[in-house]
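**Q** Could you have a look at this structure, given as structure tokens, before my questions?
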Amino acid sequence: MRKVMMVIPIMTLFADIAILLDIPILREIIVFIFLSFVPGFAILRLFKLKEISFLDIILFSVALSIAFVMFMGLLVNELYLVLGLSQPLSTVPLTAAISAFTLTVFFIEYRRDLSETLKLKTSFEGKLKNVLPLSIILFLLPLLSAIGALYLNVSLILFSDAIIAALCVMSVVSRRLVPENLFPFLIFSISIALICQALLTSKYIVGSDANFEYYVFRLTQINGHWGFLNVSLERALTLNYDSMLSITLLPAVYSALMHAQGEIVFKILYPFIFSLIPLTLYRICEKQFGKLIGLLSALFLIFTSVAFFAPEPLSLNRQIVGELFLLLSVFLLISKTIPVTKRRLLLIIFGAALAVSHYSIAYIYLAIVAIVFIISRVKPKFDDTLNTVTVLLLFGMTFLWYTQGPSSPLISLTNTIKGAVAELTTGMLPTSAGALATSSGMYTVPQVFTVTTWINLLVTGITYLFLIIGALLIIFRPKGTGISAQFKVMSTIAAVILVVALIVPNIASILNFTRFYAIALLFLSPCFVLGGQVLLATIGKAWTKIKRARKRQSASKSKHIDRALLLIAIILGAYFLSQVGFVNRVTNGTNKFYSTDFDIMITSNESQVKIGLYLNYIPEQDVFSASWLQSHKVETVEVFADYISEGHALVCYGLIPYKLLPPLTNTTIPPQGSFIYLGSLNIVNGVITTSPTGSFNTSEISFLLDQNNLVYSNGNSEIWYVAPAP
């Protein structure tokens, strides 16, 4: 396929021309496509993989491109600093290095004549008229969600949510309406649509952790190079963030070559990567359970708010990158179509990329690798991918990277293990309200029951029941399910840790239960479908015995399985409508969901509603005031602010180190020369937060403001200067 190979030099040329001419929009689009696909595709061609599917080529090419950009950025960063150049992360050095590498790989491949080594396995055997109607719908679905979010049109958002739920059911009802070869496009379209509903509510950074990630990125971008932060001004968590190339070098390279603002890079790059995670899960499940179960498993992950489309998972950009490398590594472990030597090499590349992307997931990955390797030594036929050299390289690269820097992630791991052991010794009862809330927040029974409450509890309860039954099935009776031995071990590990976190609330607070639950669903999502099949089959058999229709039992078995999958799809669609807030909105429920109730939250005058909103959303006036402060204050001066402002606007746009942001309380006595920052929540709603749940009235610090000077105000946000005493 010599024509396919020509994509490499052509796209490289187009990207270089777009960068040289600096044509707005065109440069951003071409460079993004080039960086996200071409280097990885060139590297993938070196592996000479045969009989590989088109979807696998996309997934591997994007993952290899992301890994390449991080490592090439690191190489350019270190090499140019050694040569005495202070800003290696600029357009010219990066363009020259990336283009030279890509073209070099192309010429090597061309000389080796690899035209017969790649045989694409596409699945578009059907007629165009069968796929065109659904393709148009899937293309328009993200646009519909994006317009609804940008213009606060709730009707459009609810309409797109209804379409998503309907597509979930239709995928089981008819292969003519939803052809199997469009399953990947269906997953990708729904993923992008749901991401747009949350992230496009603001042109600024959305979420909590994303603010600190954006902070370390902006420091890297402003400095023109990546390096370790000042230990005296930063807390350990921020120092750990700085060691993650997935949120420092990766967006810095994209921003420099695309010539795009940081917010645009964050709202395009990470959502794109996130949308590939359900696709990778689909491929893992398809290999073991078939296309339809693979589709429903991927949709279950997408439809779970704490795992996919809520502000929290969307703000964990480093975890998003790590999850992609984790799932692709799992895919390599269960795949037997790729030669074992090439699987090992890809595992090493993805393991190295995972190590510099997200340390918590890297530890989980190493634990999985260690357990699978140990079992394979006891049972030689269990796995042939992991050998001693591969395992040692994975562990060696990870721990070598984590020993670098003033506050290495290894210290955090040690502290976490010590904390877990200490909490286990305190017994089964939580020692703090925070620990209890962390583990029980997902399944707490509400005090007031309404129609909405009953609907949500019923749907969620059935979903959890399916999930539990499926997990028990693959652990104790895996035969007949089609699950591979390796994936069974991984799912069992995830299920056991999840159960421990549920039973011991103190452990849940250390693991950050909702985030671990999201990671666990990468392995447990198929359990929802498998558990539903078992439960519905059992009910069907019992009903058959009651009806005494044993003569037709064997004839109706296949139909029953189809009906079971249809019921699972209907329950899954209902589960999505519950999770996304559709049920809550149409029944006028009291709970507030970020995407479907954003218009209510943004116009509400209730303090608690605003606090919930501003934990994920930064008002534009706060961005302006934080940016003004960043350009006018002395670098080492303290800024007193409330809990929300210091963790959002002041870090993200004020670029103020954490240790220069002491908390503002009703007993604060700020030193002379410092600043007092009041955001929209403090001025408009008259509330100052001390924690996610604690607050007091702004009027309680009026005496403090009367003694100092107002130096900035935009109506919704104020900055006060603590002047020296006369």
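The values are calculated or read from the model by the stated rules, or taken from the named source; none is laboratory data. Given the structure is predicted, the values throughout are model-derived calculations rather than measurements. Cβ placement follows ideal geometry from the backbone for every residue including glycine, while neighbour counts extend to all protein chains displayed. All accessible areas refer to the heavy atoms of the entire protein, side chains included, with ligands and DNA or RNA removed. Shrake-Rupley method; radii C 1.70, N 1.55, O 1.52, S 1.80 Å.
**Q** Please report the carbon-and-sulfur percent of the accessible area for the chain; probe 1.4 Å, protein heavy atoms only, DNA, RNA and ligands left out.
**A** The C+S portion of the solvent-accessible surface of the chain is 66 percent.
**Q** Taking a quarter of the surface of the convex hull around the Cα atoms of the chain, what do you get in nm²?
**A** 35.2
**Q** Next up: Projecting each Cα onto the charge dipole of region 192-320 (Lys/Arg +1, Asp/Glu -1 at the beta carbon, about the Cα centre), which of 196, 298, 273 comes out farthest on the positive side?
**A** 298
**Q** With all protein chains present, calculate the accessible area of residue 107 using a 1.4 Å probe and round the result to the nearest 10 Å².
**A** Its accessible surface works out to 120 Å², give or take rounding.
**Q** Using a simple spin-label model with points 7 Å from Cα along the Cα→Cβ vector, what separation in nm is obtained for residue 371 and residue 17?
**A** 5.3
**Q** Quick one: 3J(HN,Hα) in Hz for region 193-201, Karplus 6.51/-1.76/1.60 with θ = phi - 60°, rounded, Gly and Pro as x.
**A** Ordered by residue, 3J(HN,Hα) equals 4, 5, 5, 4, 4, 8, 6, 8, 6 Hz.
**Q** Could you report the accessible area of residue 356 in Å², rounded to 10, computed with a 1.4 Å probe on the protein chains as they sit in the structure?
**A** 10
**Q** Sticking with this structure for a sec: Which value, in Å to one decimal place, does the Kirkwood hydrodynamic radius take for region 1-67 when every pair of different Cα atoms is included?
**A** The Cα-based Kirkwood calculation yields 12.5 Å.
**Q** Something else now. Give me the orientation-averaged projected area of the Cα convex hull of region 595-652, in nm², one decimal.
**A** Taking a quarter of the hull surface, the average projection is 4.4 nm².
**Q** For residue 638, what residues show an amide H to amide H distance below 5 Å, using hydrogens built from the backbone and excluding near sequence neighbours?
**A** Those qualifying (amide H under 5 Å, at least 5 residues apart or on another chain) are 675.
**Q** Across region 203-215, in residue order, what do the Karplus-derived ³J(HN,Hα) couplings come to in whole Hz, using 6.51 cos²θ - 1.76 cosθ + 1.60 with θ = phi - 60° and x for Gly and Pro?
**A** Karplus-based 3J(HN,Hα) across region 203-215 equals 8, 9, 5, 10, x, 9, 4, 4, 5, 6, 5, 5, 4 Hz.
**Q** Using amide H atoms built in the peptide plane, which far-off residues or other-chain residues are under 5 Å from residue 53 H to H?
**A** 121
**Q** Another question, if that's okay. So for the pair residue 502, residue 3, with labels modelled 7 Å out along Cα→Cβ, what separation do we get in nm?
**A** Placing both labels 7 Å along Cα→Cβ, they lie 5.3 nm apart.
**Q** Further, regarding this structure: Have a look at 584, 595, 662 and report the one farthest towards the positive end of the charge dipole of region 573-706, computed about the Cα centre with Cβ charges (Lys/Arg +1, Asp/Glu -1).
**A** Most positive-ward Cα: 584.
**Q** Let me ask something additional. Which one of 256, 346, 604 has its Cα pushed farthest toward the positive end of the charge dipole of the chain, where Lys and Arg give +1 and Asp and Glu give -1 at the Cβ?
**A** Farthest towards the positive end: 346.
**Q** Let me ask something else about it. Multiply the residue separation of residue 48 and residue 672 by 0.36 nm, subtract the distance between their alpha-carbon atoms, and state the gained length in nm to one decimal.
**A** 218.0 nm
**Q** Quick check: the distance between the Cα centres of region 133-166 and region 561-632, to the nearest angstrom?
**A** Cα centres, region 133-166 to region 561-632: 16 Å.
**Q** Would you work out if region 623-726 is rounded, prolate or oblate? Take a ≥ b ≥ c from the square roots of the eigenvalues of the alpha-carbon gyration tensor; rounded if a/c is under 1.5, else prolate when a/b is larger than b/c, oblate otherwise.
**A** Rounded, because the longest to shortest axis ratio a/c is under 1.5.
**Q** So which chymotrypsin sites (Phe, Trp or Tyr not before Pro) in region 130-186 end up in coil per DSSP with only 13 or fewer other C-beta atoms within 10 Å?
**A** Sites meeting the loop and neighbour criteria: 151.
**Q** Quick check: with the 1.4 Å probe, what order do 247, 503 take by accessible area, largest first?
**A** Ranking 247, 503 by accessible area, largest first, yields 503, 247.
**Q** Considering only the chain, what is the antiparallel percent among its DSSP beta bridges, to the nearest 5?
**A** Antiparallel bridges make up about 70 percent of those DSSP assigns within the chain.
**Q** Mind pulling up the Rg/Rh value for region 653-701? Radius of gyration and Kirkwood radius, both on Cα.
**A** A ratio of 0.95.
**Q** Just report the Cα centroid separation between region 64-112 and region 171-199, whole Å.
**A** 36
**Q** Okay, moving on. If I take the Cα coordinates of region 194-326 and project them onto the principal axes, what are the three extents in Å, biggest first?
**A** That gives 52, 28, 28 Å along the principal axes, largest extent first.
**Q** Provide the gained length on full extension for the span residue 488 to residue 400, in nm with one decimal, where the gain is 0.36 nm per separating residue minus the Cα-Cα distance.
**A** 28.7 nm
**Q** Another question, then. Report the residues of region 321-346 in range of a label on residue 387: point 7 Å along Cα→C-beta, backbone N strictly under 16 Å from it.
**A** Output list for this probe position: 339-346.
**Q** Show me, for region 144-154, the HN-Hα J-couplings you get by feeding each phi into the Karplus relation (A = 6.51, B = -1.76, C = 1.60, θ = phi - 60°), rounded to Hz, glycine and proline as x.
**A** 4, 5, 5, 5, x, 6, 5, 9, 6, 9, 5
**Q** Moving on. Collect residues whose amide H, placed 1.01 Å from N in the peptide plane, falls under 5 Å from the amide H of residue 712; neighbours closer than 5 in sequence don't count.
**A** So residue 712 has HN proximity to 719.
**Q** Turning to a different aspect of this structure: Provide the solvent-accessible area of residue 643, counting protein heavy atoms only and rolling a 1.4 Å probe, rounded to the nearest 10 Å².
**A** Rounded to the nearest 10, the figure is 80 Å².
**Q** Within the chain, what's the longest run with no trypsin sites (Lys or Arg not before Pro) in a DSSP loop and at most 16 other beta-carbon atoms within 10 Å? Give the range, please.
**A** 549-726
**Q** Let me ask something additional. Using the Kirkwood radius over C-alpha pairs as Rh, can you work out the diffusion coefficient of region 350-399 via Stokes-Einstein at 10 °C, viscosity 1.306 mPa s, in µm² per second?
**A** Reported coefficient: 143 µm²/s.
**Q** Let me ask something else about it. Suppose we keep just the alpha-carbon trace of region 538-689; what are its Rg and Dmax in angstrom?
**A** My reading of the Cα-based Rg and Dmax gives 27.0, 90 Å.
**Q** OK, next. With N denoting the number of residues in region 232-309, provide Rg(C-alpha) divided by 2.2 N^0.38 Å, to two decimal places.
**A** It is 1.48.
**Q** Explain nothing, just the number: dipole magnitude of region 12-77 about its Cα centre with +1 on each Lys and Arg Cβ and -1 on each Asp and Glu Cβ, in debye rounded to the nearest 20.
**A** Dipole about the Cα centre, nearest 20: 220 debye.
**Q** Next question, about the same structure. Could you put 401, 543, 226 in order of accessible surface area, largest first, with the 1.4 Å probe and the full protein assembly present?
**A** Ranking 401, 543, 226 by accessible area, largest first, yields 543, 401, 226.
**Q** Counting only Cα atoms, I'd like the Rg/Rh figure for region 313-374, Kirkwood definition for Rh.
**A** With Rg and the Kirkwood Rh in hand, the quotient comes to 0.99.
**Q** Next question. Rounded, prolate or oblate, given the Cα gyration tensor of region 273-367, with a/c below 1.5 counting as rounded?
**A** It comes out oblate by the Cα gyration axes.
**Q** To continue, here is another question. Sorted from largest down, what three extents in whole angstroms do the Cα atoms of region 678-726 have along their principal axes?
**A** 38, 21, 15
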